[in-house]
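These notes are about the structure you will find just below.
The values are calculated or read from the model by the stated rules, or taken from the named source; none is laboratory data. Because the structure is a prediction, the values reported are computed rather than measured. Backbone-built Cβ (ideal geometry, glycine too); neighbour counts: all protein chains shown. What goes into the accessible areas is simple: the full protein's heavy atoms, side chains included, and nothing from ligands, DNA or RNA. Shrake-Rupley method; radii C 1.70, N 1.55, O 1.52, S 1.80 Å.
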Amino acid sequence: MSEQFITNVNEKNLILTRAQGAVIARDFTTAAVLYKQLLRDEPSNVDYLKELGSIYVKNNEDEKAIPYYEQIITFYPHYIEAMNSLGAIYRRLGRYEESIGILQRAVDEGRDAASVNYNLGFTYKEMGNFDDAIDAFNLVVNENPDDVLAYNHLGRIYHSQKKYDKAIASYKRGLQIDQNHPILNYNLAHVYEATKNVTDAIRCYQAALKTRPGWVDAINDFSELLIKSQKNKE
């Protein structure tokens with residue numbers, strides 16, 4: 001093994017260590033410069049490409065992340081993680097059709113179905129395509145019955161459609177997994193309010209605030225409910 005090779009390896013390891021440290025320190029500008037330096041010598045290194053994509057996402061620069069995930073898929077056409085990440089980016093940018101297209105491609109790979117369908121359901125939900133969103137989230141919970149957030153999304157969709165019984169059932173299913181989940185309790189309280197079930201709404205607000213005592217939205221909504229229910233002292 002030549003001294004030059006050893007020197008190059010040591011230099012690369014030093015740059016990689018500095019890049020990883022910059023990410024931890026949230027110095028994303030420095031981290032991006034260092035990973036790009038590494039990428040020049042290894043343009044198809046999937047770890048470097050993923051890190052660069054992730055850095056730009058963490059720094060709220062989704063547009064800049066896109067080319068790195070696209071490069072991963074170009075080099076490795078069956079790389080589901082990159083497709084999933086790209087689908088989420090397109091959704092956040094409001095490019096829904098592109099999000100659906102790349103996520104459907106990921107679904108066709110037949111692996112990691114729960115994570116891809118979760119992303120797909122989220123995109124359909126934001127598009128207002130609630131039937132397809134429900135189908136996607138149901139596929140998620142069929143694959144992973146403990147996915148609390150999928151139950152939360154289902155509950156919110158059913159609530160928006162005024163299908164209150166289904167909304168309550170979805171939230172309760174999630175609460176069977178995590179009975180103290182503040183968001184599930186908060187959203188369930190809203191459904192109970194909509195159905196004039198003040199007693200259970202109060203119970204759910206109390207449960208949400210027990211877990212997140214300083215949650216301003218929950219405090220305000222709970223206060224309004226108590227005032228409307230003439231529980232002014234409370």
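Please pick out the residue among E63, E70, E51 that is under 22 Å from D108 (Cβ atoms) and open to solvent by 60 Å² or more (accessible area, probe 1.4 Å).
Working: E63 fails: under 22 Å from D108 (Cβ atoms); E51 fails: under 22 Å from D108 (Cβ atoms).
Matching residue, one of E63, E70, E51: E70.
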Do we find a residue being within 29 Å of L120 (Cα to Cα), assigned to a loop (DSSP other than H, G, I, E, B) and open to solvent by 20 Å² or more (accessible area, probe 1.4 Å) anywhere in region 190-212?
no
For this session: Using the structure shown, decide if V216 is open to solvent by 70 Å² or more (accessible area, probe 1.4 Å), under 25 Å from the mean Cα position of the chain (by Cα) and of a type outside the set (F, W, Y).
Result: yes
Looking across region 22-45 at residues that are in contact with a helix residue (DSSP H, G or I) (Cβ under 8 Å, 6 or more places away or on another chain) and of a type in the set (D, E), the single one that is most open to solvent (accessible area, probe 1.4 Å) is D41
Across (1) modelled with pLDDT of 95 or more; (2) more than 14 Å from P67 (Cβ to Cβ), S54 clears everything bar (2)
Among (1) open to solvent by 40 Å² or more (accessible area, probe 1.4 Å); (2) at pLDDT 95 or above, D108 falls short only on (2)
Going through region 86-105 in order, the residues found to be closer than 21 Å to Y151 by Cβ and either among the polar types (S, T, N, Q) or modelled with pLDDT under 95 (or both) are none
query = Does E63 satisfy the criteria of being farther than 22 Å from G121 by Cβ and either assigned to a helix (DSSP H, G or I) or at pLDDT below 95 (or both)?
reply = yes
When region 178-189 is checked residue by residue, the ones that are in a helix (DSSP H, G or I) and either open to solvent by less than 50 Å² (accessible area, probe 1.4 Å) or touching a residue at least 60 places away in the same chain (Cβ under 8 Å) (or both) are P182, L184, N185, Y186, N187, L188, A189
Those residues of region 108-128 which are at negative phi and not in a helix (DSSP H, G or I) amount to E109, R111
Here the qualifying pairs (Cβ atoms under 8 Å; residues six or more apart or on different chains; first in region 84-103 and within 10 Å of N119 (Cβ to Cβ) and open to solvent by 10 Å² or more (accessible area, probe 1.4 Å); second at pLDDT below 95 and not in a helix (DSSP H, G or I)) come out as N84/D112
Checklist entry - Does region 36-49 contain any residue that is part of a helix (DSSP H, G or I) and either in contact (Cβ under 8 Å) with a residue 60 or more places away in the chain or small (G, A, S) (or both)? => result no
Scanning region 66-82 residue by residue, those assigned to a helix (DSSP H, G or I) and more than 14 Å from the chain's Cα centre (by Cα) turn out to be I66, P67, Y68, Y69, E70, Q71, I72, I73, T74, F75, I80, A82
